[in-house]
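Below you'll find the structure, written out as structure tokens, and then a few comments.
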């Protein structure tokens, strides 16, 4: 009589069921992962804006004047000892570069001092309104048309330090 001997290993059906379960779990985790990534990017940028604004505020209180206007992606020399250069010069999650604006006009509003995220020749700001709204909820009133955090000229985000 012929006898079949079972070999060690998994059947094709067992492997397929396992892969299906793993795929379903991965599909369920993706939206959560995306939400966590967006929340952490918004929190990081909000913290950057707060830190930078505090350094500029301290500078104006000590000297009586705001630092001079400077191009995007360049650290204002007046506050170089107050701000970690790596923080100011890194590319934010939205792309672009941090930019110090002094006596400017954004979206019809004139202000004395602001920190913007501006495009440069090497970096473009990504228009992600969901991320901008998440940042606005953390540091401002949750409305991108009002308050200190707004969408300014050329649809670039701007945090107004002094109106």
Requested in this report: Identify, by number, the condition in (1) touching a strand residue (DSSP E or B) at 6+ places or on another chain (Cβ under 7 Å); (2) at pLDDT below 90 that residue 116 doesn't meet.
Outcome: (2)
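Any residue at all in segment 33-45 that is farther than 24 Å from residue 132 by Cα and outside any loop (DSSP other than H, G, I, E, B)?
No, that holds for no residue.
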**Report entry** Matching entry among 99, 103 (being under 15 Å from residue 160 (Cβ atoms), in contact (Cβ under 8 Å) with a residue 24 or more places away in the chain, surrounded by fewer than 17 Cβ atoms within 10 Å (Cβ to Cβ) and in contact with a strand residue (DSSP E or B) (Cβ under 9 Å, 6 or more places away or on another chain))
**Finding:** 103
Query raised in the report: Between residues in segment 9-36 that are surrounded by 10 or more Cβ atoms within 10 Å (Cβ to Cβ) and residues that are modelled with pLDDT of 90 or more, which pairs lie under 7 Å by C-beta distance while being six or more apart or on different chains?
Result: none
Report summary line: Reported set for segment 50-82 where residues are under 21 Å from residue 120 (Cα atoms) and either out of contact with any helix residue (DSSP H, G or I) (no Cβ under 6 Å at 6 or more places or on another chain) or at pLDDT below 90 (or both) is 52, 68, 69, 70, 71, 72, 73, 74, 76, 77, 80
Query raised in the report: Is one or more of the residues making up segment 80-88 surrounded by 20 or more Cβ atoms within 10 Å (Cβ to Cβ), more than 12 Å from residue 160 (Cα to Cα) and out of contact with any strand residue (DSSP E or B) (no Cβ under 8 Å at 6 or more places or on another chain)?
Result: yes
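The values are calculated or read from the model by the stated rules, or taken from the named source; none is laboratory data. In this text, all values refer to a predicted model and were calculated from it rather than measured experimentally. All Cβ positions, even for glycine, are placed from backbone atoms using ideal geometry, and neighbour counts span all protein chains on display.
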